[in-house]
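The structure appears below as C-alpha cells.
Just so you know, all these numbers are worked out from the coordinates, no wet-lab data involved. None of the values given here were measured: they were computed from a predicted structure. Cβ atoms come from the backbone with ideal geometry, glycine included; neighbour counts cover every protein chain shown.
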There are 2 protein chains.
Amino acid sequence: MTTISAVAKAAGVSVSTVSHVLNKTRYVSPEKVKLVMDTVEAIGYIPNALARSLKLSSTGTIGLAISAISNPYFSDIICAIEAECSKRGLIVFLCDTQDDPDRELELVQHLHQRRVDGIILAASGDPKRSLDYLIESDLPCVLVDRLSDSRFDQVGTDNVAAIRTLVDHLVALRHKRVGIILGQPGFATTVERMNAFRAAMTEKGIEVPDDLISDSNNNTADATASTHRLLELKEPPTAILASNNLTMIGAMRAIRERKLRVPADISVLGIDDFEWADYFEPRLTLMAQPCDEIGRKAADLLIERIGNKRRPCQTVRLSPVLRLRESCGEAA
Amino acid sequence: MTTISAVAKAAGVSVSTVSHVLNKTRYVSPEKVKLVMDTVEAIGYIPNALARSLKLSSTGTIGLAISAISNPYFSDIICAIEAECSKRGLIVFLCDTQDDPDRELELVQHLHQRRVDGIILAASGDPKRSLDYLIESDLPCVLVDRLSDSRFDQVGTDNVAAIRTLVDHLVALRHKRVGIILGQPGFATTVERMNAFRAAMTEKGIEVPDDLISDSNNNTADATASTHRLLELKEPPTAILASNNLTMIGAMRAIRERKLRVPADISVLGIDDFEWADYFEPRLTLMAQPCDEIGRKAADLLIERIGNKRRPCQTVRLSPVLRLRESCGEAA
DNA sequence: CATCGAAACGTTTGCGCAATCGTTTTTTTC
DNA sequence: GAAAAAAACGATTGCGCAAACGTTTCGATG
C-alpha cells in the first residue's frame, strides 16, 4: 500500500507539501502542485482515511442503528439519510438492533469505538441503557420514529394528527365501533397512537371499549391473530384501523381468511402507505408517513449537533398525508 | 477521550499490559487482569478502533455499494448481508450508487480510502471502470444480482430457471402471445431474462415478435407506458410477464388504467415476490428470488475471499421459488 | 547594501494502538 | 547452590497522516 511519504519521495518533495497539496491547506507553487498530482496519479496513491481520522479525531462517519432495517418504512428513512449524508461527504454505518435492548447497547458502543461522529437511532422498546450511555459519552445522537427522550434531538411523524385524520374519516362514515391493531408494546409510537385514538374517539363522543384495542402485535402473525379475535367479538367492529404497515398486512390476512369483503363487509384503514396501494384491491385508505422528510431532517439535525454539541434539543413532528382510497364504506 | 496509556497510568501498569489484557494476546496474572479491567470500567475507557485498524491494517469493515437501496429486493439482500456480517463481528458501510457509473466509481474509491476489508457491489449498468479499479487495487469484492464479470465472485438468482418456470406455466395455460416488460438496459439481469425468455419460448415452438419485448424500463412509469404500448397492439398479448418488482407495479398500473380484469381479461405474472401478495387482488403469480440466501452467500464469499485473495472465483446461481397464485388464466 | 518580511517549502511530532524486543524476577534442575 | 529456564511484565517503535514549527530564498525597503 502506498503512503504519503512514498509520494513525497517519488516526487522529490516533503510529505507536508504532498499533504498540503492534497488537502489544499496552504499555498504550494503551481509547478509542485502539478508534480505532486502527477505522482499521485502515477503510483496510484489512495490516502488512508484511518490515519487521517486518527490525527483529526473526526471520521466523517455516522452510525445508523435501526430496530428493523427490512421494514419498508425504515428502508425509506435509511435511504433518505444515506442520500443526505452522502451529499455532505459523510458515510453511514448500518446496523440492525433487531429491537433487542442488549444488542442495541452493544451496537452503540461498537459505533463509539469506531469513533463515529454521531448516531441516528430508532430506539428499541427499552432503550434506557443505550440512551444513558449516549448521554454519558457525549456522543451526538438523534432519535427517529420512536421519540422517547427529550435529552435528544428527535424526528418523527405527528401521530396525533395521523390518528385524528383517520378517525375523522371513519366518524364521517358513521362508524362507532372501531377496532385498532397497535404495534409492539413499549414503543413510543404504539403508546402515542393508542392515546391519540382514545382521545380522538372520545372527542367525537364515542366510547372505546378495551376489547377493541389490541396492542402487543410484534409481527404480522400477531396482528392476524388479533384481528381474528376482534372479528369474533359478539359485537364486532365495523372498521379496523391498522397502526402500521406490518399490522396492516396481518389484518388483511385475517380479513381474507374470513372471506370478508372490503369495504362491503368491513372498513379498513391505517398508517403507512404502500407504493402499490393504488393498483391492488382493496385500495387501502392510508396515512403516508413522510419518510423522506424524516430521514433528511434527522441527518440535518445530527450534522447540526455535531457542529454544536451545546445547542438545545429539538423535537420535530412532521405531518403525515392522507391517501384517500376506497377501503372504507358507510357503517351499517 | 481516554486512551490506553491513561488506563495504564491509572492502573500503574504498562501500556503493553493493558493492550494484552484487552486483546488476550499474552498471559497476564489474574490480579493484574482484574486491576486493568476495573480501571477500564472506572474511567470508562473505550478503545479507539481507528488506531487499532491503522496498526493492524485491517478494519473489520465491509462496503456495500448498491444500485438502489430503496428497492425492497435490495433491502432484503442488505438486511441479510448485515445480519451475516454482524454475526462475524464485521460492520457495514452502506452506499447507494443510484445506478450512476461515475458515482459508483467514486464510492468504490471512497470505500477504498476508508480501507474496507472488502466490497459487495450491485453493479450499475456500465460498471467497467469500477470493476477495473477493484481488480487493480486488489480489493476483495463480490458482485450481487447483476453478474457480469467472472474476475469476481458473484451471487445471484438463476434467471434462466425463473423465466423458464414462468413460461412453462403460461404455455400450460395455452398462452402464445406473451409480452415481457424488462428492466433497465445494460443490466446483466435484463439481458439474461430477455435471452432466457426467447430461449424458453422458442423451445416451446412459439415465435416471439420483437414488439412484444419491451426493455428500457428504468422505473415504474416507464413500465406503465410500455405496458400501454403492448396493450394497444393490433394483436395484444394475452399475458404479461413483468421481469421485476418495479416493472410489475408499473404494469399493474397500466392494466388498472385500462380497467382490465386479471386474469379474466389478461394474465399477469413476474419475478420478485411481495409480502402482501397473498392478501390483495389480483393475487399475483410470482417467482420469489432467494434474497436471504443471496445476501448470506455474498457475505460468506466475501469473507472467504478476504481470507484468501488467490482463491479461484465462483459464480453462484440460487434457485427462485414459484409462488403460484391466481393471476393467470387460460388463453382465449 | 544591510534588514526585514513574505513566499515557499521541509522537519518533526504525536494521534492511539499492537506487538517486538528487552528486562527482571522466580522457579527448576542437577 | 549455581546455571538454566520459565514466568511476568515494561520500554519502544512504527502504522500513515496533519499541522505546528522551522528553514531557506528572494524581493522590497529605507
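Summary table below
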read-out: Estimated dipole of chain A in Debye, rounded to 20 [Cβ of Lys and Arg +1, of Asp and Glu -1, Cα centre]; value: 980
read-out: Cα-based Lys proximity count in chain B, under 21 Å, for pairs eight or more positions apart or on separate chains; value: 14
read-out: Among A:MET194, A:LEU35, A:CYS328 the positive-end extreme of the charge dipole of the protein assembly as shown (Cβ point charges); value: A:LEU35
read-out: Degrees separating the helix A:245-257 axis from the principal Cα axis of chain A, which is the longest one; value: 40
read-out: Spin-label model distance (nm) - B:ARG174 vs A:ASP265, 7 Å beyond Cα toward Cβ; value: 3.3
read-out: For B:LYS309, inter-copy label distances in nm, listed shortest first [label point 7 Å out on the Cα-Cβ vector]; value: 3.9
read-out: Of the trypsin sites (Lys or Arg not before Pro) in the range A:1-86, those whose Cβ has at most 15 other Cβ within 10 Å and which sit in DSSP loop; value: A:LYS24, A:ARG26
read-out: For A:ARG26, inter-copy label distances in nm, listed shortest first [label point 7 Å out on the Cα-Cβ vector]; value: 4.0
read-out: C-alpha long axis of helix A:159-172 to longest principal axis of chain A, angle in °; value: 30
read-out: Cα-based helix-to-principal-axis angle, B:291-307 vs chain B, degrees rounded to 10; value: 40
read-out: 222 nm mean residue ellipticity, helices alone, for chain B (DSSP H n ≥ 4; -39,500 (n - 2.57); rounded to 500); value: -14000 deg cm²/dmol
read-out: Distant-in-sequence amide H partners of B:GLN184 (H built 1.01 Å from N, under 5 Å); value: B:ASN217
read-out: Karplus-derived 3J(HN,Hα), 6.51/-1.76/1.60, for each residue of the range A:91-96, Hz, glycine and proline x; value: 10, 10, 8, 9, 9, 10
read-out: Spatial separation of Cα centroids for the range A:29-55 and the range B:71-120, in angstrom; value: 25
read-out: Using a Förster distance of 22 Å, the FRET efficiency for A:ASN218-A:VAL160 (Cβ separation, nearest 0.05); value: 0.40
read-out: Three-way shape call for the range B:4-56 based on the alpha-carbon gyration tensor, with the a/c threshold at 1.5; value: oblate
read-out: At 7 Å out from Cα toward Cβ: B:LYS55 inter-copy label distances (nm, ascending); value: 2.0
read-out: Paramagnetic label zone (point 7 Å from Cα along Cα-to-C-beta, A:SER150; backbone N under 12 Å) in the range A:290-332; value: A:313-315
read-out: Most mobile listed residue (B:HIS228, B:HIS20, B:HIS110) in chain B, GNM with C-alpha springs under 10 Å; value: B:HIS20
read-out: Prolate/oblate/rounded call for the range B:159-289, Cα gyration tensor, a/c under 1.5 rounded; value: rounded
read-out: Shape call, the protein assembly as shown: gyration tensor on alpha carbons, a/c limit 1.5; value: oblate
read-out: Relative contact order of the range A:159-289, defined on C-alpha pairs under 8 angstrom at six or more residues apart (%); value: 25
read-out: Neighbouring partner chain Cβ atoms per residue of A:86-94, average, 10 Å criterion; value: 5
read-out: Unit charges on C-beta of K, R, D, E only; dipole of the protein assembly as shown, Debye; value: 1500
read-out: Normalised contact order of the range A:157-228, rounded percent, pairs of Cα under 8 Å and 6 or more residues apart; value: 39
